Amino acid sequence: MPVPLLTALGCGVVSALLYLSVLSGAGGSVILGYLAPLPVFLAGLSFGAGSAVIAGGVGMAVVMVGPSSMTGVGTYLATAAVPAVLVVWLASQSRTDGRGGTEWYPPGRLLVVLVGLGLAGLVVAGLVAQGEGGFRGVVEAMLAGVMTELVRPVAQDNRESVESVAKALASLFPAVLAMSWLLMVVANAALAQGLLMRIGRNLRPAMRMADLEIPERLVMLLAVVGVGALVLPDELGYVAANAVVVLVVPYFFAGLAVVHAFAATRPGKMGLLLVFYSVLLLFAVPVPVVIALGLAEHWTGLRRRFVAAGALREG
């Protein structure tokens, strides 16, 4: 059996098992579930989009015969297999740049495609979730139910408190889910590419964070949706407000690109990045600053200046 086919089959099985591990309820199973796209990425980024399709198809078949409902199969496809196949297909696209070199599909556009999928998920959820209070009402009821189960011994005496907390959390809960999924896909793609580069099996060269560039037109969409979140009524305003949060995610990565480009202009680049990410992970306070930096990059071109300065320094 050819190695690419064997690899794709094995990766599909592993992907499904990682996804199904969440059903066991064992400690750490959620983390394993978050790694479900990783095997599909490994197959695709090493042997091409065809291998990713096979891995995703095998994963779907295993999930179907496992202890999962058709909803579970759909969730696997929507959150793991389909995004991984799409990213692999786009990431594999290349063309000559007219100077004898190869120009690969830009990582910034890959990120925007994933954001588009997240926004589509928000819209579909808004259309499907029909109940008392509309989309927001469904989210509030779901959160209230989960919280009641978690604090059942005291929930009866604090029902109003539970409902008020659920209502507060519901305001941006769909956006949090979309961002969690988006970060999961990005992290798995980056991990797969890094592992493949270590063993020399990557089809595509490294995608450096400092080279990430967000398409300029996205900021216009962000502005329009932001205005919509302020002026649209009820359900439309709720969906728009959550969409704004999702649309901000690319600018967080754009801010990280500025930080990486700046670090490249200074001695001890790795030390600077280690300190920065340690502060970011421990305190999360710099997150709004990083987003603001990413938005400022749209008008100031800081990243490009730092990249040029870093190239001069290395030269």
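Quick notes on this one:
- Straightening the chain between R109 and L183 buys 25.1 nm, computed as 0.36 nm per residue apart minus the Cα-Cα spacing.
- Restricting segment 82-149 to trypsin sites (Lys or Arg not before Pro) in coil, as DSSP defines it, with at most 11 other Cβ within 10 Å: R99
- The chain: Cα Rg divided by the 2.2 N^0.38 Å rule of thumb: 1.10
- Helical mean residue ellipticity (222 nm; -39500 (n - 2.57) per DSSP H run of 4+; nearest 500) of the chain: -24500 deg cm²/dmol
- Cα-based radius of gyration for segment 5-49, normalised by 2.2 N^0.38 Å, reads 1.20.
- Length available on full extension from I31 to V287: 0.36 nm per residue minus the Cα-Cα distance, which gives 89.9 nm.
- Relative to its Kirkwood radius, the Cα radius of gyration of segment 1-133 gives an Rg/Rh of 1.05.
- If R0 is 22 Å, the Cβ-Cβ spacing of A190 and L274 corresponds to a FRET efficiency of close to 0.80.
- Per-selection Kirkwood Rh - segment 227-315 (Cα, Å, 1 d.p.): 14.6 Å
- Alpha carbon Rg of segment 206-257, scaled by the compact-globule rule 2.2 N^0.38 Å: 1.35
- Taking Cα centre as origin and charging only the Cβ of basic (Lys, Arg, +1) and acidic (Asp, Glu, -1) residues, the dipole magnitude of segment 1-145 rounds to 240 debye.
- GNM top mover of L232, L281, L191 - the chain, alpha-carbon springs below 10 Å: L281
- Projected over all directions and averaged, the alpha-carbon convex hull of segment 183-282 occupies 8.8 nm².
- Size descriptors for segment 165-231: radius of gyration and Dmax over Cα atoms are 17.6, 53 Å.
- At a probe radius of 1.4 angstrom, the accessible area of segment 1-128 per residue rounds to 48 square angstrom.
- Ligands, DNA and RNA left out, the 1.4 Å accessible surface of the chain is 70% carbon and sulfur atoms.
The values are calculated or read from the model by the stated rules, or taken from the named source; none is laboratory data. Just so it is clear, the structure is predicted and the values come from calculations on it, not from any experiment. Here the Cβ is made from the backbone with ideal geometry for all residues, glycine too, and neighbour counts use every protein chain on show. Ligands, DNA and RNA are stripped out before the accessible areas are found, and what is left, the full protein with its side chains, is counted by its heavy atoms. Shrake-Rupley method; radii C 1.70, N 1.55, O 1.52, S 1.80 Å.
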